[in-house]
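The structure appears right after this line, and notes come after that.
The values are calculated or read from the model by the stated rules, or taken from the named source; none is laboratory data. Computed from a prediction, not measured in an experiment: that's the story for all the values here. We place every Cβ from the backbone using ideal geometry, glycine too, and count neighbours over all the protein chains shown. Areas reflect the complete protein model, heavy atoms only, side chains present, ligands, DNA and RNA absent. Shrake-Rupley method; radii C 1.70, N 1.55, O 1.52, S 1.80 Å.
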Amino acid sequence: HRTDVSSRAPLREHVAALFAPRVSAGVSYEPVTIGVDGPTTEAATHAALEGALSLRRGPLLLYFAAHGEPGETPRDNVLRLWGGWPLIVADLATMLDGAANGPPVRVVVAACHGGGFAELAFRDADATQGPAAGDRCGLFATTWDRVASGCDPNPLRAVQEGYSLHFWHALRGEDREGTPLPHDLLDYDGDGVIGLLDAHTRARIASRSFDVPTTTSERWLREVAPRRGPATSVELPEERGVLRELGGQLGLDTAGAARRREALEREQQALDDALDDADAEVGRLTGELIGKVLSRWPLLDDPWHPAFEATLERYGTAIGALLDSSPVAQALRDAQEELTELSRASDELQVDAAGVERLVRAAENIELAARLRATDESGWKHFERLRACERAPISR
């Protein structure tokens, strides 16, 4: 039953995959090529923000590309800085509240749960406190309770669809590949320049990801606009651009998008149930296979055991046969393949659902804005103020 050293290497990997699977096993990393000023610790980040706010020049653009995590409420959402230090929505709001007489601030967050920073529309990031003072707004890759797709480390541009890729290229007048686009295609508000909200709108239309981008003005609408009552016609060219272009891509009008969203929610629930069952089956069969291995070679779950290598050398053929050819191993592979296929289907369904959700939200935004304009003059004026802030070009 002895096996040679060269054959023990793949066997060792096979044992490791059973007892200690690691996603990073097949991942390689490339050196960073951008300039780095230093670690984004909590103290360094706060100092940089305070320094920029104190200069009283503007406007100030804050762009965050980091890992985001949800809190109990949107104002508790977190961006993880260097070493795990948190940048909390409420803390950033406190800093900006204290600099209300400072420069205009535009915040762009390309992170999971980044929409929590839409609470910056309110004083202390608290909707009960009313609108924030000063000129500040934000655009976000996704809502406060959703993950974003921009964390893919794959360097192949062909598989990237995250918010930032579309957003920054649109600001340069390009598609995601860097190919120039007609100016009129991106200038949704027709003011002659491609502003932040134009680029944000392009990402909503063009990205084939599961992102559902949002803004401070949308958050304001959903907080203060009445759900029923009179309405006055409004011109929101960005929202109408989404309805026109994304609706055309999806072949859906407003009513059809609402129905499609409901159907996709049912499909996703059924798929989630199937995923749960498949995951449970993989777990059961993995446990069964581990039990069979350890019943014969009890130390194989400990690669640091002094007899680990000797066991592989002596019993390698038998271990390999059990891991490769036994009925439980074959059943496990089948279950893993089913889980992989279901996961792929779920990913595709989430992308489809995100596109429909963006379309539905655009229609809702127009409807809410029409009601707000008809019923609340001060609320409407603040919405327009937020919208003007979001529309600003990056160079202003």
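With a ≥ b ≥ c the root eigenvalues of the C-alpha gyration tensor of region 68-223, is it rounded (a/c under 1.5), prolate (a/b larger than b/c) or oblate?
Working: a/c = 2.12, a/b = 1.36, b/c = 1.55.
Oblate, since a/c reaches 1.5 and b/c is not below a/b.
With the dipole of the chain worked out from charges on the C-beta (+1 for Lys and Arg, -1 for Asp and Glu) around the Cα centre, which of Pro86, Phe308, Ala231 lies farthest toward the positive end?
Result: Ala231, furthest along the dipole toward the positive end.
If I stretch the segment between Val159 and Lys381 completely, what's the gain in nm (0.36 nm per residue apart, minus their alpha carbon distance), one decimal?
Working: separation 222, 0.36 × 222 = 79.92 nm, distance 4.13 nm.
Full extension of this stretch gives 75.8 nm more.
Taking 51 Å as R0, compute the FRET efficiency from the Cβ-Cβ separation of Ala263 and Ala44 and round it to 0.05. Kindly include the intermediate steps, with their values, before the conclusion.
Working: r = 48 Å, r/R0 = 0.94.
For Ala263 and Ala44, the calculated efficiency is 0.60.
Given a 1.4 Å probe and heavy atoms of the protein chains only, how would you sort Trp82, Trp297, Trp144, Trp304, largest accessible area at the top?
The ranking, largest first, comes out as Trp304, Trp82, Trp144, Trp297.
Taking only DSSP H segments of four or more residues, each worth -39500 (n - 2.57), what value at 222 nm results for the chain once the sum is divided by all its residues, to the nearest 500 deg cm²/dmol? Please list the in-between numbers first.
On the way: 13 runs with 204 residues, N = 396.
Calculated at 222 nm, the ellipticity per residue is -17000 deg cm²/dmol.
Pick out which of Glu174, Glu50, Glu288 has the largest mean-square fluctuation in a Gaussian network model of the chain, springs linking Cα atoms closer than 10 Å.
Glu288
With every protein chain left in place and a probe of 1.4 Å, what is the accessible surface of Thr45, to the nearest 10 Å²?
20 Å²
By how many nm would the segment from Asn101 to Arg57 lengthen if fully extended, with 0.36 nm per residue of separation less the alpha-carbon distance? All intermediate terms of the calculation are to be shown ahead of the outcome.
Details: separation 44, 0.36 × 44 = 15.84 nm, distance 1.08 nm.
Full extension from Asn101 to Arg57 adds 14.8 nm.
How many angstrom lie between the Cα centre of region 274-344 and the Cα centre of region 173-243?
A separation of 50 Å, based on Cα centres.
Can you tell me the dipole magnitude for the chain around its Cα centre, using point charges on the Cβ only (Lys, Arg +1; Asp, Glu -1), in Debye to the nearest 20? Each step should come with its number before you reach the end.
Working: 43 positive and 63 negative charges, 149 e Å.
It comes to approximately 720 debye.
Which one of Leu243, Leu96, Leu271 has the biggest mean-square fluctuation once the chain is modelled by GNM with Cα springs under 10 Å?
Leu271
How charged is the neighbourhood of Glu337? Take every other residue with its Cβ under 14 Å from the Cβ of Glu337, and add Lys/Arg as +1 and Asp/Glu as -1.
Details: positive: Arg333, Arg344; negative: Asp279, Glu281, Asp334, Glu338, Glu341.
Charge balance in the 14 Å sphere: -3.
Need one number: % antiparallel among DSSP beta bridges in the chain, to the nearest 5.
Working: 10 of 20 bridges.
Percent antiparallel among DSSP bridges in the chain is about 50.
Among Pro180, Thr214, Ala280, whose Cα projects farthest towards the positive end of the dipole of region 168-287, with charges put on the beta-carbon of Lys, Arg (+1) and Asp, Glu (-1)?
Farthest along the dipole direction, towards plus: Thr214.
When Lys and Arg each count +1 and Asp and Glu each count -1, what net charge do the other residues less than 11 Å away from Asp253, Cβ to Cβ, add up to?
Numbers: positive: Arg244, Arg259, Arg260; negative: none.
Net charge in that neighbourhood comes out at +3.
List the residues of region 21-55 whose backbone N lies under 14 Å from a point placed 7 Å from the Cα of Asp91 along the Cα-to-Cβ direction.
40-50, by backbone N distance to the label point.
Rounded to the nearest 0.05, what FRET efficiency do Glu72 and Asp184 give with R0 = 35 Å and r taken as the Cβ-Cβ distance? Could you check? Mind dumping the intermediate values first?
Working: r = 44 Å, r/R0 = 1.27.
About 0.20, to the nearest 0.05.
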